[in-house]
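This report concerns only the one structure given below.
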Amino acid sequence: MASLPSPIVESPVETTGNDSRFRLILRRFLRRRLAIAGLSVVLLLFAFAYIGPHFYKWRYDQIDFEAFLQHPSATHWFGTTQNGFDMLALTMRGMQKSLIIGLIGAVLSTGIAAVAGATAGYFAGWADRAIVALIDLILVLPGFLIIAILSPAFHGRTWLIFVVLLAAFQWMITARVIRSMTLSMKEREFVYAARFMGVPDWKIIFRHILPNMSSFLIIDATINVSSLILAEVGLSFFGFGVQPPDISLGTLIGDHWESAQTANGYQFYFPAILLVVLVLSVNLVGDGLRDALDPNAGTAAGKGAGSK
Amino acid sequence: MTQSRPLLEVKSLSVTFPSEAGPVEAVRGLSYHVMPGEVMGIAGESGSGKSVSSLAVMGLLPRRARIAGSVRFEGEELLGRGDKDLSAIRGGKIAMIFQDPLSALTPVYTVGDQIAEAVQVHQTVSKQAAMDRAVELLNLAGIPNPRERARAFPHEFSGGMRQRAMIAMAIANNPKLIIADEPTTALDVTIQAQILDLLLKAKEATGAAIVMITHDLGVMAGFADRLTIMYAGKPLEAGAVDDLYYRPRMPYTIGLLGSIPRIDAAPGTPLTPIEGSPPSLTNLPPGCPFTPRCPMRVDLCRKVEPDLVRMNGSGEEHFAACHRSAEIEQKNLTGLDIFPAPADRTRDFSRVSDVPVLRITGLKKHYPMVRGAILHRRIGTIQAVDGIDLEIREGETLGLVGESGCGKTTTIMEILSLARPSSGAIEVLDRKTAGMTAQDRFQIRREISVVFQDPMASIDPRMPISDILAEPMLTHGVPADERARRIGELLKMVGLRPEHTSRYPQEFSGGQRQRICIARALALKPKLLVLDEPVSALDVSIRAGVLNLLEELKAELGLSYLFVAHDLSVVRHISDRVAVMYLGRIVETGEVNCVFNHPAHPYTQALLSAAPLPDPRKERARRRIILKGDLPSPANPPSGCRFRTRCQKFADELNDQQRQKCIDVDPVLCEHGNAGSDHRAACHYAEGGKLN
Amino acid sequence: MVYLAFLVLIATSATYFLAAAALNPRSNFAGRNPPPPPAVIDAQLTSLNLNDKTPILVRFGRWADGVLHGNLGLTIDHDSVNAEMGRRVGVSLRLLLIGSLLGSLCGIAAGAWSAVKQYQLSDHAMTLLSFAILSVPTVVLAVFLANAGASFNDAIGHRLVYNTGEYTPGLEAWSGADVVNRLQHLVLPSLVLILQGLAFYSRYQRNSMLDVLGSDFVRTAQAKGLRRSQALIRHALRTALIPMGTFFAYEFALIFIGSIFVEKIFSWHGMGEWFVQSIQKNDVNATAAIGMFVAVLVLFAGFLSDVVTVTLDPRIRRA
């Protein structure tokens, strides 16, 4: 084929390429002092939970027969429990579980939401109606209740079942948002273009639609980490969540909340305050990410929460 | 008119917004004045600062904007006044009309309440009196059943009606000055004619002066008395409209006028494109902002920004900001002298063969109107496309024109989805889509590709150019080395550098992105390109380049185009044949010169007469056909002829007996004019009307 | 409406099946000493329609038949579920209504204020406060407030607010003293739910308001001569309220869960406390009844939110 003479050779207007987009995002994120503080605290708490135990002389399952219900001291930094367990060791152990539950659950839940929401939005028809009805149904029955009811069934099994359940009741609102984002993205010309050149549907979803929501997905997953940590605490508080011998921040708070009004309140306050610090930091990171990735998103969470 | 003092006097206005990339200098040293009762135009492309400057006059810019200079209204300085002082003037002595009338009205209040509110802000009247006044204003603005319609919410109004309501609100307090910011840009051409007509009536009724802001030099030509052309925040040329249109002295103005396709020009009249795109408003280099795109630039242009200087040869108030305007004036240079003439584009109709690439017969597309989320109840049928025939031969461009809601988008979606139509047939390269297997359909997709309107939305922003261009080839199994070679070839073909393959779409301007879209559409060497409003999202100065490119590609590659547009002048410029759509039907079709020179259908005549010309004298001399009302709902089209409810002929020329035929009998497309020509119109009383 | 009723039906049945499958009332007898003979256990369980030897569909059929006749069955302690529910519903509803109404009103006001003062000190303070509240688990917030209430009483040397129970027994019902006493008990638990509602709504209202602040119609309102503050209140706030209707439904489910903790910590004998006890006691019938209660509540909230949305938004009135 004869190639035409170039009628006009234009050069790109300005160089804001993808790596400079990344730099821009990084710059926006770094400018948020609170987000930076949040990120640092999250990293510190990770180190605290996973590296801390190696440098501390008490193990979480070790009983100090010389110190029952002892207030914080040089030997036991966070004090000990009624049974002589070291509170700091327990807290570190509990935070490990809370962190891992938050992370796995968040990835699972955002993943389910992405697939379900995009499927419903893209294919419309019966798939859409089935998924929307399922979402409505699960929203009618709060996940907290269902997991609590099911909890006797996973007594003595692995805590991973609990994580899966948490994720299974966390994805619906995100899925709605993704569904409505898909509905509008489906009408965007670049999706039409792909369809009209013969690209298969599932490829369009994974190559064009979901990547273009990546900002939203990242933000959602981050916020989900904190929601799931909170949900874990709530359920474990009543004994519906993490089961002994596993320990989480929720079980610690559940075991010791009654001490809060006594002189032995340290048993409650240490894990509780660390928990609040953790969740707050994760939320600050999520908010910072929202500002950096999606400065105009505003009510991303609100957009899709349409009425039934 | 006595030589009174100016109503509004803007001097050295500048507006700067802080931004992440540094301060954005949106307006830099704008000066103009408006005399009582006159129409002052401000024209410019997006980002030229024309809207920002008017918001600055009204004191409606966000707080972070830094404004300097002087704005005097009736001799009093407005800049620096507080919200309280300004709100007494806003809506009272100065009123404003915005571009998008849907978002400009509060969705939760009735139209009547919103107009009554404007009355009550400035006049101490009872609520009832204000409401009566609102109804009166709606009536004045030409809204039928105003008392009833005043109780409607904005979303229940059509675009044109909303703009009428905005105008009613603007004249509520008999303003001295109306600022109209792109008042017709969001509207169809026949509605645009209605609104411009109404604006002039409103001006007469109130005696107000108007500041008219638009990018459309056609609209401006017939509307404004004087004009300022803005570019990159600066006025580049100002003067009486005749001076600017007939004796432009600044290369940008000259280029703009030369790059607009005209409805009164024969097809193939060359357009002179302005290369490049407007500069970013952060970190503007010194010198004239138009320098990088100017074919007449000299070293001085890069260093010193020229001021507006009086042109001696024309009217006494003609100013241009160009170091070389004296030379232009002296030699009387025109667009063709200054801008490089595009390659020889004599039309070669022998290329058009008789082989049809696409044939559509009796295509219908009806959508159910449903209610209910889970249990769908059908409450009606939208007849989006209702029985149309089209044929495109190899090497031919068919222009499909019509206003929004006429069904042209539905038509191309039906073609592109290659699905089995609910009624009628679509044949691509002699193969009916109805009988196709999935495999056939996939194969035929190679032959037909599409370029959409909005280049920002039609490429995936997360992919580099190489992936974007490779996608169709990857999908259709073109081997990797062939793909790589082809990508370079495609980029060269559309006038982009092959080295740019690793860049991302954000790095390109609108015109460049549209070139990328065209390159992608050509990747598989298709026979037919469907072009859906390919230039209407682009700035005026960029359109010409893309249109020229399309023409060159067609000549070189022997492509066929289905060119869909609402802009008649663009269609006339590029098409061989044209089909005019109205409410799901084709009302007139034929060779482009036949249809445009001798429109037979009243709708075509109205469309042509509504299309503005960038030519002040012709515009002033024209008699416009103003169609009544809005497009009827496609769910409930009128009986008989679908156009009769708005038809000027039906209303003014026919007798009752003739009208009865229009009401009872649905006209079919039948041959018109010379036997053997394919000029056909669907009107019982078709005639050979003439443009103007 | 049909759809909503259908959802309640499915949700309630699902709760019953899940509870019947996961809870094991037979295990309640395991710890008894001396262990009762198996026949006695079977008879006991059968009389409660809880015998796992009866196929689950048969049990469900019996239970559903009862429910359709207005009988929710017996608790594990052989009391009427209806009667127990009657005692507890009022307690919970009082908390829920006050929490959700005051919470949403305060939240909307705070959010709108925050948006108008965007990036000013009050906005930052409000944002940080709501972030902090949203990061505190309900348990911790409730325990904290209970303690704070006690310290407050100590500080003023007078018992102004109570942190245990619903009222002090012994006062004449609905006398002035009784009402005041009940209010003194109500303050702290309600405050927990109100604070959470405030944090929740203020975030959304702020965002919704910010979306609207830059709209063309706010500019139009100013262009016709309204002052900025008037334009904001009459046009921006009114429009920004629309999405809030939708959140009401979601928040209501959350607030019910919150009330479970609040009842536990402040020793109120409401539905939440009953729910926890029922699961711990393997009480299938009570659990299913509570599931139904929650489904009805959530759907009622959903219905209310639709009503609110339709009232606020003329665009969907005719749809």
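R0 = 25 Å: FRET efficiency of C:V187 with A:E258, Cβ-based, nearest 0.05? Don't skip to the end; give the middle numbers.
Working: r = 22 Å, r/R0 = 0.86.
The pair C:V187/A:E258 has a calculated efficiency of 0.70.
Kirkwood Rh over Cα pairs of region B:1-96 into Stokes-Einstein at 10 °C, 1.306 mPa s: D in µm²/s? Numbers along the way, then the final one.
Numbers: Rh = 14.1 Å.
D = 112 µm²/s.
Helix C:56-68 sits at what angle to the longest principal axis of chain C, using alpha carbons and giving 0 to 90 degrees rounded to 10?
60
What Kirkwood radius, in Å to one decimal, follows from the Cα pairs of the protein assembly as shown?
Details: mean 1/r = 0.0282 Å⁻¹.
Value: 35.4 Å, from the Cα pair sum.
Just to be sure I understand the interface: list residues from region C:1-20 that lose 30 Å² or more of accessible area between the chain on its own and the complete protein assembly, 1.4 Å probe.
Buried-area filter returns C:Y3, C:L7, C:A11, C:T15, C:L18.
Based on C-alpha coordinates, I'd like the Rg and Dmax of region A:153-281, in Å.
Rg, Dmax (Cα atoms, Å): 21.0, 72.
Please find, in a Gaussian network model of chain C (springs between Cα atoms separated by less than 10 Å), the residue of C:R87, C:R227, C:R62 whose mean-square fluctuation is greatest.
Evaluated over chain C, the most mobile residue of the options is C:R227.
What are the lysines whose alpha-carbon lies under 28 Å from the alpha-carbon of B:K661, with same-chain residues fewer than 8 places away excluded?
Those lysines meeting the cut-off are B:K364, B:K365, B:K408, B:K628, B:K649, B:K690.
If I require 24 Å or longer along the helix axis, counting alpha carbons, and a Kyte-Doolittle average no lower than -0.5, what helices from chain B are left? Use full DSSP H segments.
Answer set is B:189-206, B:540-557.
Could you check how much of the accessible area of region C:85-318 is carbon and sulfur, as a whole percent, using a 1.4 Å probe?
68
Counting only heavy atoms of protein chains, what accessible area per residue, in Å², does region C:85-318 have with a probe of 1.4 Å?
Result: 38 Å² per residue.
If you average the sequence gap of Cα pairs under 8 Å that are 6 or more apart and divide by the length of chain A, what percent do you get for the contact order?
So the answer I get is 26 percent.
Step through the table entries B:K492/B:K525; B:K234/B:K303; B:K176/B:K201; B:K331/B:K618, compare each Cα-Cα distance with 18 Å, and write down the pairs that go over it.
Numbers: B:K492/B:K525 15 Å; B:K234/B:K303 16 Å; B:K176/B:K201 14 Å; B:K331/B:K618 25 Å.
Listed pairs above 18 Å: B:K331/B:K618.
For the interface of chains C and A, what total accessible area is buried with a 1.4 Å probe, rounded to the nearest 100 Å²?
4100
Hey, in the GNM for chain C with a 10 angstrom Cα cutoff, which one of C:A221, C:A240, C:A110 fluctuates hardest?
Between C:A221, C:A240, C:A110, it is C:A221 that shows the largest mean-square fluctuation.
Roughly how large is the B-A contact in terms of buried accessible area, totalled over both chains, probe 1.4 Å, nearest 100 Å²?
In total, chains B and A hide about 4100 Å² from solvent.
I need to check one value: relative contact order of chain B, counting alpha carbon pairs closer than 8 Å and at least 6 residues apart, in percent.
RCO, chain B: 13 percent.
Given a Förster radius of 45 Å and the C-beta distance between B:E76 and B:A326 as r, what FRET efficiency does 1/(1 + (r/R0)^6) yield to the nearest 0.05?
0.75
Accessible area lost on pairing B with C, both sides, 1.4 Å probe, Å² to nearest 100? List each step's numbers first, then the result.
On the way: alone 29680 and 17020 Å², together 44180 Å².
Using a 1.4 Å probe on protein heavy atoms, the buried area is about 2500 Å².
Would you please state which residues of region C:188-232 a label at C:L128 would reach in this model, taking the label point 7 Å out along Cα→Cβ and a backbone N cut-off of under 18 Å?
Zone members listed by number: C:199, C:203.
Suppose R0 equals 51 Å. What FRET efficiency, 1/(1 + (r/R0)^6) with r the Cβ-Cβ distance, do C:S175 and C:S47 give to the nearest 0.05?
0.75
Round to a whole angstrom and tell me the spacing of the C-alpha centers of region B:82-129 and region C:65-81.
Between the Cα centres of region B:82-129 and region C:65-81 lies a distance of 62 Å.
Could you check the spin-label model distance between C:A39 and C:F6? Points 7 Å from the Cα along Cα→Cβ, value in nm.
4.9
For region B:415-443 and region A:131-198, what is the separation of their C-alpha centers, rounded to whole Å?
Centre-to-centre (Cα) distance: 37 Å.
Within straight cross-link reach of C:K224, meaning Cα distance under 14 Å, which aspartates and glutamates are found once same-chain residues fewer than 8 apart are removed?
Of all the aspartates and glutamates, those that pass the test against C:K224 - Cα under 14 Å, at least 8 places apart if same chain - are B:D83, B:D85, B:D113, B:E117, C:D216.
Which of the lysines could a cross-linker span from C:K117 if the Cα-Cα distance has to be under 21 Å and same-chain partners fewer than 8 positions apart are dropped?
Reachable lysines: B:K84.
List the residues of region A:189-225 whose backbone N lies under 14 Å from a point placed 7 Å from the Cα of B:H476 along the Cα-to-Cβ direction.
Correct set: A:194-199.
If you average 1/r across every pair of different Cα atoms in chain B and take the reciprocal, what Kirkwood value do you get, in Å?
The answer is 27.2 Å.
Under a plain spin-label model, where a point goes 7 Å from the Cα along Cα-to-Cβ, how far apart in nm are B:E556 and C:D77?
About 8.9 nm separates the two model spin labels.
Would you work out the Kirkwood radius for region C:85-318? I mean one over the mean of 1/r across all pairs of different Cα atoms, in Å.
19.6
Given labels modelled 7 Å from the Cα in the Cβ direction, how far is it in nm from C:V307 to A:S40?
5.2
Roughly what angle does helix C:121-135 make with the longest principal axis of chain C, taking Cα atoms, 0 to 90 degrees, to the nearest 10?
Rounded to the nearest ten degrees, it is 10.
Can you list the residues of region B:21-45 with backbone N under 19 Å from a point 7 Å past the Cα of B:R622, pointing along Cα to Cβ?
B:41-44
Any chance you could run the full-extension gain for B:S280 through B:V298? It's 0.36 nm times the residue separation minus the Cα-Cα distance, nm to one decimal.
Numbers: separation 18, 0.36 × 18 = 6.48 nm, distance 2.12 nm.
Full extension of this stretch gives 4.4 nm more.
Over region A:26-85, give the accessible area per residue in Å² for a 1.4 Å probe, as an integer.
Roughly 68 Å² per residue, with all protein chains present.
The values are calculated or read from the model by the stated rules, or taken from the named source; none is laboratory data. What you see is a predicted model, and the numbers here were worked out from it, not measured in a lab. For neighbour counting, all protein chains shown are included, and Cβ atoms are generated from backbone atoms with ideal geometry for every residue, glycine included. Please note that ligands, DNA and RNA were not included when accessible areas were found on the heavy atoms of the full protein model with its side chains. Shrake-Rupley method; radii C 1.70, N 1.55, O 1.52, S 1.80 Å.
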